[in-house]
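*Asks:* Pasting in a structure now, in structure tokens, and then I'll have a few things to ask.
The values are calculated or read from the model by the stated rules, or taken from the named source; none is laboratory data. Quick caveat: nothing in here was measured; it's all calculated off a predicted structure. So basically every Cβ, Gly included, is an ideal-geometry build from the backbone, and we count neighbours across all protein chains shown. Note: areas computed on protein heavy atoms with side chains; ligands, DNA, RNA excluded. Shrake-Rupley method; radii C 1.70, N 1.55, O 1.52, S 1.80 Å.
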Amino acid sequence: MKKTLPAVITHIVLVLVLVIGMGVLGILSNNIDAVGKEKFTGELEHNVKLRILENDTAKEQGYLKELLEAFNKEYASYGIEAVDANMDQYTDLEVGGPYGYGPDILYQANDALMKYVDGKHILALPIQELDCYSFISERAWQAYHYTTGGQTFTFGVPVNIQQPLLYYRADLLPADWKNTWDDDKNGIPDMIENWTDLYRYSKSIRQESNGTKYGYMKSLNDGYFASGYFFSYGGYVFGGEDGKDTKDIGFSKNEGYRGAKIIRQLATIMNLECTEDTITKNSYSRMAQGTYFATMTTSDVYTLFVKEMMNAGYTEAYARENIKIVNVPRLPKSGDLEDESQGFIDMTVMGGVNGYAISSYTKAPNAALAFVNFATSYKMIQRRCELLGISPARSDLAGELGGLNEVINNNLNAGSIYVMPSVRALAQVWTPLQTFCAKLADDALTGKNAYITMEAMKAGTETVDKQIYDAIHTLGGS
């Protein structure tokens, strides 16, 4: 029996996929509240074990251990014990949950969690009962909203606002940058304020080092980070009032296609490693070694840069003093890194809201809700910030921490963070987009020059839109 169980599960999953493809899923979703709020009676289950699925960083930095110990001490009198689920951080609840293999509580990005709403794999939550409710902005809660039959339900609790940020080595700035790279005399280096100057500075580093050192480096085939160049000029993923209309694909819409030119230009200051994942993997060590001046990634990996600096022989104090994180630079309004005559615009970036959800298969929903409430308390989120460097969704904590945390909260509320659409079809976006971005970079670095005119870049971006549409609707990828 043990040998055949995986095969049975696989067979059942395939059947479910076929059912979904036939459109039955939309019918199943109509009564979404049937597996939601009525389970939360307010009476804690006693003598239960909760399996918690957290991300790898939380485990590696010791945060999960602290959280579990603190919660278990608080709820010991009820016999409630929270434990590490000991599963891969990307474990698919849809596959294992129905058979008792999934976690009770999951911590993932909003798009990863919200795909579980279809099929009723996670519970609608009584969010007003949570202590954090009034301290989280409506824009953050919207990432976990699902509307059906005229009613809106919420399936996740925001913890961390994610957006791309610029990391750079302050000790690698030119010694005379205040005279040579601060045109507006505001005390901030121009190359961390706008992409035009970062592009110029990166070009000078590569030329002066004969290609042994680089300025800004990033895997340009990474759709999550590259999409912001399209968004900044009016592009979008899905249309509609709620940004979930999968029949309206919009990377090329308005002037979104201008983002293609930005990507192609950035490739010229890099090398062929930017066409694949190499730079993403080695950016921590290369920045520590001084080979790269800057890169772009999310705030929750700051400690990895610090560790690599220490591995390279620097003290922790020196590393923390010189690994800087700032908001992403502004883009030229013209859509050309060599033309700043029209001034600059704020960059709109792809972002997300990581948070907690509760499995509909848990046998202790009230205890699970108590855990989520505890984990999203001011004290525990503050500790998460200290250990992991996250940007908290709690506005009270973000305001107290100030600096970049407050900026990120403001970016979300102002709309300059384009929150990943919480729809299953998002999975079909990445391959066409990433392939095109890699082609743009390769085109610039190999001299193929297939995308040197704006017309060609627009046509290429329109092809991306069509490929995404076909993947969702023609090939049944929704």
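*Asks:* Of everything in segment 413-426, what is assigned to a helix (DSSP H, G or I) and more than 16 Å from ALA226 (Cα to Cα)? Give them in sequence order. First the steps, then the outcome.
*Replies:* Our first condition is that a residue be assigned to a helix (DSSP H, G or I); within segment 413-426, this holds for 413-414, 424-426.
ASN413, ALA414, ARG424, ALA425, listed by residue number.
*Asks:* Next question, about the same structure. Of everything in segment 326-338, what is open to solvent by less than 50 Å² (accessible area, probe 1.4 Å) and touching a residue at least 24 places away in the same chain (Cβ under 8 Å)? Give them in sequence order.
*Replies:* Filtering segment 326-338 down to residues open to solvent by less than 50 Å² (accessible area, probe 1.4 Å) leaves 326, 328-329, 331-332, 334-337.
Listed by number, the residues that qualify are VAL326, VAL328, PRO329, LEU331, PRO332, GLY335, ASP336, LEU337.
*Asks:* Please find, within segment 212-262, the residue that is surrounded by the fewest Cβ atoms within 10 Å (Cβ to Cβ) out of those that are within 27 Å of SER285 (Cβ to Cβ) and of a type in the set (Val, Ile, Thr). Before you say what the answer is, go through the steps one by one.
*Replies:* Step one: filter segment 212-262 for residues within 27 Å of SER285 (Cβ to Cβ), giving 212-229, 262.
Subsequent filtering for residues that are of a type in the set (Val, Ile, Thr) retains 212, 262.
Details: THR212: 9, ILE262: 26.
Per the stated criteria, the residue is THR212.
Condition check ((1) without any contact (Cβ under 8 Å) to a residue 60 or more places away in the chain; (2) assigned to a helix (DSSP H, G or I); (3) closer than 22 Å to ILE381 by Cα) across all residues:
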site	(1), (2), (3)
PRO103	no, no, yes
LEU106	no, no, yes
LEU113	no, yes, yes
TYR116	no, no, no
LYS120	no, no, no
ARG139	no, yes, yes
THR152	yes, no, no
PRO158	no, no, yes
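*Asks:* Restricting to segment 33-84, and then to whatever is closer than 24 Å to ARG384 by Cβ and of a type in the set (Lys, Arg), can you tell me which residue is surrounded by the most Cβ atoms within 10 Å (Cβ to Cβ)?
*Replies:* Checked segment 33-84; the qualifying residue surrounded by the most Cβ atoms within 10 Å (Cβ to Cβ) is ARG51.
*Asks:* Within segment 367-381, is there a residue that is assigned to a strand (DSSP E or B) and touching a residue at least 60 places away in the same chain (Cβ under 8 Å)?
*Replies:* Looking only at segment 367-381, we keep the residues that are assigned to a strand (DSSP E or B), and these are none.
Scanning segment 367-381 turns up no residue that is assigned to a strand (DSSP E or B) and touching a residue at least 60 places away in the same chain (Cβ under 8 Å).
*Asks:* As an exercise: evaluate GLY343 against (1) at positive phi; (2) in contact (Cβ under 8 Å) with a residue 40 or more places away in the chain and give the number of the one condition it does not meet.
*Replies:* Going through the list (1) at positive phi; (2) in contact (Cβ under 8 Å) with a residue 40 or more places away in the chain, GLY343 breaks only (2).
*Asks:* While we're looking at this one, here's another question. Could you tell me which of the residues ARG206, ARG200 is farther than 19 Å from VAL326 by Cβ and either surrounded by 17 or more Cβ atoms within 10 Å (Cβ to Cβ) or within 22 Å of the chain's Cα centre (by Cα) (or both)?
*Replies:* Values: ARG200 fails: farther than 19 Å from VAL326 by Cβ.
Unique residue meeting the criteria: ARG206.
*Asks:* Here are some conditions: (1) at pLDDT below 95; (2) surrounded by fewer than 18 Cβ atoms within 10 Å (Cβ to Cβ); (3) more than 30 Å from ILE80 (Cα to Cα). LYS448 meets all but one. Which one does it not meet?
*Replies:* (1)
*Asks:* Yes or no: GLY290 surrounded by fewer than 18 Cβ atoms within 10 Å (Cβ to Cβ), closer than 22 Å to ILE205 by Cα and modelled with pLDDT of 95 or more? Quick ask: steps written out before the conclusion?
*Replies:* Details: surrounded by fewer than 18 Cβ atoms within 10 Å (Cβ to Cβ): yes; closer than 22 Å to ILE205 by Cα: yes; modelled with pLDDT of 95 or more: yes.
Yes: the conditions hold for GLY290.
*Asks:* Kindly establish whether LEU401 is touching a strand residue (DSSP E or B) at 6+ places or on another chain (Cβ under 9 Å) and open to solvent by less than 10 Å² (accessible area, probe 1.4 Å). Spell out how you get there, then give the answer.
*Replies:* Details: touching a strand residue (DSSP E or B) at 6+ places or on another chain (Cβ under 9 Å): yes; open to solvent by less than 10 Å² (accessible area, probe 1.4 Å): no.
No, not satisfied.
*Asks:* When you scan segment 214-314 for helices (runs of 4 or more DSSP H) that lie fully inside it, which ones turn up with 3 or more residues that are touching a Pro at 6+ places or on another chain (Cβ under 8 Å)? I'd like the intermediate steps shown before the answer.
*Replies:* Working: elements: 223-231, 258-267, 278-289, 302-311.
In segment 214-314, the matching helices (runs of 4 or more DSSP H) lie at 223-231.
*Asks:* Keeping to segment 276-286, report how many residues are of a type outside the set (D, E, K, R), closer than 16 Å to LEU440 by Cβ and open to solvent by 30 Å² or more (accessible area, probe 1.4 Å). If you could, list the steps in order and put the result at the bottom.
*Replies:* The initial filter retains those residues of segment 276-286 that are of a type outside the set (D, E, K, R), namely 278-280, 282-285.
Right, trim to closer than 16 Å to LEU440 by Cβ and you get 279.
Next, from what is left, pick out any that are open to solvent by 30 Å² or more (accessible area, probe 1.4 Å): none.
The total comes to 0.
Here is a yes/no grid of residues against (1) open to solvent by 10 Å² or more (accessible area, probe 1.4 Å); (2) touching a His at 6+ places or on another chain (Cβ under 6 Å); (3) closer than 22 Å to ARG384 by Cβ:
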| site | (1), (2), (3) |
| --- | --- |
| ILE105 | no, no, yes |
| LEU113 | no, no, yes |
| VAL117 | no, no, no |
| LEU165 | no, no, yes |
| ALA175 | yes, no, no |
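*Asks:* Looking at PHE231 and the list (1) at pLDDT 95 or above; (2) farther than 30 Å from ASP470 by Cβ, which single condition is not satisfied?
*Replies:* (2)
*Asks:* Looking at segment 119-137, which of the residues that are under 19 Å from PRO421 (Cα atoms) and in contact with a Leu (Cβ under 8 Å, 6 or more places away or on another chain) is most open to solvent (accessible area, probe 1.4 Å)?
*Replies:* Only one residue fits best here, namely LYS120.
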